[in-house]
Structures are given as structure tokens and as C-alpha cells.
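So the structure is just underneath, and the comments pick up after that.
Computed from the coordinates by the stated procedures, all read-outs in this text should not be read as laboratory data. Fair warning: this is a prediction, and the values are worked out from it, not measured in the lab. A quick note on method: Cβ atoms are made from the backbone with ideal geometry, for glycine too, and the neighbour counts reach across all protein chains shown.
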Amino acid sequence: MSDPHLTIVDHPLVQHKLTLMRQQETSTASFRQLLREISHLLAYEVTRSLPMGSLSIQTPLDPMEAPVIEGKKLALISILRAGNGLLDGILELIPAARVGFVGLYRDPETLQPVQYYFKVPKALESRTTIVVDPMLATGNSSAAAVQLLKDAGATDLRFMCLLAAPEGVERMRQAHPDVPIVTAALDERLDEHGYIRPGLGDAGDRMFGTK
Ligand code: URA
């Protein structure tokens with residue numbers, strides 16, 4: 001049954017690249033490159049429902065009414081630090097988007113998010129806001145980040161991630177049923193340390209080579 005809250009981008013290119021990313025022997029450079037490539041493909045899905053209008057243009061041969069994206073401008077919000085890996089790719093497709101950053105770390109004991117940075121574009125209420133974070137694990141950080149963005153005025157939000165755990169999806173569904181999620185895969189479970197299993201390990205460490 002289709003779930004309007006969750007879209008899994010079950011596309012051969014996405015799934016193949018994700019398998020490469022999951023493999024422990026994949027290098028930092030390849031991991032980063034694959035994440036950038038997948039972010040293009042996820043961005044394709046997360047922007048699918050943007051409203052369209054038309055523009056009167058002149059081709060070298062004929063005048064025509066040509067389709068263009070209409071409506072609100074976009075804001076891309078990266079949840080630090082791993083969100084930056086998805087941000088780079090989506091910015092290549094939408095270079096005019098405004099960009100914001102939310103810094104949250106997970107307290108290793110409580111697994112609850114603690115805010116350390118918040119800088120987002122002004123007038124979020126007039127933008128479609130796409131929040132990016134590769135790993136939707138407990139959902140605590142994501143739900144907290146989305147709440148901060150709503151408090152800052154955002155009303156039209158979408159969430160884009162690489163991997164999700166059922167627990168994280170449920171947490172987001174409870175806290176923010178109005179925020180659709182786009183992911184490359186829904187994994188089996190979350191472990192007692194808050195890692196997605198089978199997952200791919202710590203996305204930030206693998207992206208930045210910090211382990
Ligand atoms: N964050 C990660 O980087 N990996 C997980 O599995 C869960 C949260």
C-alpha cells in the first residue's frame with residue numbers, strides 16, 4: 001500500500017549506489033561521491049510535486065508556452081554535519097536555493113538532540129523548505145530540527161534522507177505528519193546505540209573520514 005508520508009526511491013541506480021555505500025571497504029572518496037550522486041536522484045523525487053506554471057518563450061523556430069517551476073522559492077536546510085553530504089548534490093540541481101544549517105548532536109546517553117547551531121534564511125514561511133540528513137535513525141534530531149524550522153516560520157516542509165529506520169519514520173509521522181519523507185531505503189531496525197541496522201555505519205565519519 002502506498003504511504004503518502006514516506007516515499008522510498010526504489011530505482012536501480014539509487015539501490016546500486018546505496019549498496020556500494022553500505023560496503024565497509026568503500027573508501028571515503030567513493031562514499032562522498034556516491035552520496036552526491038544519490039542526492040541528485042533523491043532530489044528528483046523530493047521536488048516532483050513542485051507547482052508548475054508556464055512561460056511564453058521563443059525557440060529559434062517557434063514561440064511556445066514552456067513549463068517552468070512556479071510558486072515559492074526553495075530553502076535547503078542541512079542538519080549538520082552529515083546533511084552537508086546531501087546538500088552539495090541537491091545544490092548542484094537547485095543552485096539558486098537559499099541554504100540554512102541546523103547543528104544538533106545526539107547525547108550518547110539519552111539519544112536526545114542538543115542544539116549547538118541554527119542559521120536559516122529569513123522568511124521561511126514564503127519558501128518550500130527541504131531538510132536534508134542522510135540518516136533518519138531515532139528521528140529525535142530530525143523531529144527537533146523540523147520543529148525549530150516551524151518555529152522560525154516554515155510551513156511547507158519536506159525531509160530527504162538516504163536511509164531510514166522504521167522507528168525514525170514513526171517518530172516523524174507522530175511529530176510532523178505534514179512533512180513527507182523521501183528516502184533511498186527503509187532498513188530493518190534501530191539498535192540499542194541508535195544505529196540503523198544493517199545500515200552503513202556512521203554516515204558523518206564515513207563521509208569525512210573521521211573514524
Ligand atoms: N547516524 C548515523 O550516521 N548512522 C546511523 O546508523 C544512525 C545515525
### Sequence ranges 173-181, 106-114, 126-134, ranked by mean other-Cβ count within 10 angstrom, highest first
126-134, 173-181, 106-114
### Summary
In the structure shown, of 73/211; 17/150; 17/211; 72/119; 150/211, the pairs separated by more than 28 angstrom at the C-alpha atoms are 73/211; 17/150; 150/211
### Query
Pulled fully out, how much extra length does the chain show between residue 96 and residue 211, if you take 0.36 nm times their separation in residues and subtract their Cα-Cα distance?
38.0 nm
### FRET efficiency estimate (nearest 0.05) - Cβ-Cβ, residue 62 to residue 147, R0 35 angstrom
0.10
### Task
Give the Kirkwood hydrodynamic radius (Å, one decimal) of segment 1-123, defined as one over the mean of 1/r across all pairs of different Cα atoms.
17.4
### Task
Determine by what factor the alpha-carbon radius of gyration of the chain differs from 2.2 N^0.38 Å, reporting the quotient.
1.04
### Query
Tell me, what is a quarter of the convex hull surface for the C-alpha atoms of segment 92-211, in nm² with one decimal?
7.8
### Query
Under a point spin-label approximation (7 Å from Cα along Cα-to-Cβ), what is the residue 72-residue 107 distance to one decimal in nm?
3.2
### Query
Tally Lys and Arg at +1 and Asp and Glu at -1 over the other residues with C-beta under 15 Å from the C-beta of residue 207: what net charge comes out?
+2
### Query
What ³J(HN,Hα) values, in whole Hz, does the Karplus curve 6.51 cos²θ - 1.76 cosθ + 1.60 give for segment 117-129 when θ = phi - 60°, with x put for Gly and Pro?
7, 8, 9, 10, x, 6, 6, 4, 5, 9, 10, 7, 10
